[in-house]
1. Tell me the Kirkwood hydrodynamic radius of the chain in angstroms, computed as one over the mean inverse distance between distinct C-alpha pairs.
2. Taking amide hydrogens as modeled 1.01 Å from N in the peptide plane, which residues meet the under 5 Å criterion relative to Q33, leaving out close sequence neighbours?
3. Taking the alpha-carbon distance from K206 and a cut-off under 24 Å, which lysines remain once sequence neighbours fewer than 8 residues away in the same chain are dropped?
4. Using a Förster radius of 22 Å, what is the FRET efficiency between R191 and S292 based on their Cβ-Cβ separation? Nearest 0.05, please.
5. Using the Cα gyration tensor of region 95-250, with a ≥ b ≥ c the square roots of its eigenvalues, what is the shape: rounded (a/c below 1.5), prolate (a/b larger than b/c) or oblate (neither)?
6. Tell me which lysines have Cα within less than 29 Å of K126's Cα, excluding those fewer than 8 residues away on the same chain?
7. How far is it, in nm, from the label point at E163 to the one at S263 when both lie 7 Å from their Cα along the line to the Cβ?
8. For region 32-172, what is the largest minus smallest coordinate of the Cα atoms on each principal axis, given in angstrom and ordered from greatest to least?
Amino acid sequence: MRIGVDNYGLHPLQLDPIETLKWTRANGAEGVQFSGLEPEAHKKVDKEYLMDIALYAESNGMYIEWGGGQHIPYDTVSWKKRDVFELNRKAAQEASILGARIIRSCSGGLMRWHSDSPMTETLLQKTAEALRSQRQMLEDYNVILAIETHFEFTTHELIRLFELCDAEPGGVLGICLDTMNLLTMLEDPVRATERILPWVVCTHMKDGGLLLNSDGLISFPTEIGQGVIHLRKIIRRLADLPWNVNLSIEDHGGDFPLPIFDSLFLSKFPDLTAEELSRLFGLALESREKGSCTMTKREEWVKVCEGRIKRDVRVLRGLVEGIGDRGLRDGVME
């Protein structure tokens, strides 16, 4: 299982793609997932430039996973219709030149946090319609559109989305497993990983925590090893897949309010069980008791990002090596 980074956390360094690959290699990692590029960097993206990126990665034995994919066919601010087919075709063309099979798809937005957002069931139906029409195009480019476990859908809903698309694991649709975002969607990260596991093709390895306040919970990312997400267990699950999954670190500042004491908000998570909710309260208790599990403000990220991601790489490698090949493959539990 190769360890890499997602370039999102490195944005304050203003590195171009080849500089990002060089930074990653210099700091002991083996690949980059490019979630997205800054507008100025993306202007340079033509066939020749992509071939230069691919050549550097291949020459240094590094993996590349691409970004720019979208799955919800709306602008999630104005809710006007959006042509995600053309966006995804462009991303697929770029990935094909790079020799990358994975395109991360993220349509963004804390939809159910806002009263003017469409109902989740509507978004599922419209997303399925959009994705069904893209199957042949994705097959032609030999790429997988990996929908991130972000803030659009829970793992329960993503499984229903794949059913609506008549999709099967190992096809052109998959999952980018963001381990911390699962907390924000009121899911226990290990349980959620087990639910969505057959679909996982790439990752955002991210630790995190939960805090309890008068409105409910607050989720936030932490440095790997400082939070309460059981990454060892998740890595063991990923090792059981019939294909190799790269462990791409995504780290950043910020926090997300989860007003679970608001019955209307909680009703927007109909698959949440009492058992799983109790697990989240348990993680909140563990976060409070673990002194290292603290939030980093978004505005502070620029000051700490480089050192923190360097440490993330070292600690994640230690987790993987600590499990060992036998531990990864025999399903040994903690």
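1. The Cα-based Kirkwood calculation yields 20.2 Å.
2. Here the answer is V5, D6, N7, E65, since their amide H atoms fall under 5 Å of that of Q33.
3. Answer for K206, where 24 Å is the Cα cut-off: K22, K233, K290, K297, K303, K310, listed by chain and number.
4. Step by step, r from the Cβ atoms, then E = 0.40.
5. Cα axes put region 95-250 in the oblate bin.
6. Partners within reach: K80, K81, K90, K268.
7. Going from the E163 label point to the S263 one covers 2.8 nm.
8. Between the extreme Cα coordinates on each principal axis of region 32-172 lie 48, 33, 22 Å.
Each value in this text was obtained by applying a stated rule to the coordinates, not by laboratory testing. Please read these numbers as outputs of a predicted model, since none were measured by experiment. Using ideal geometry, Cβ is built from the backbone for each residue, glycine included, and neighbour counts are taken over all protein chains shown.
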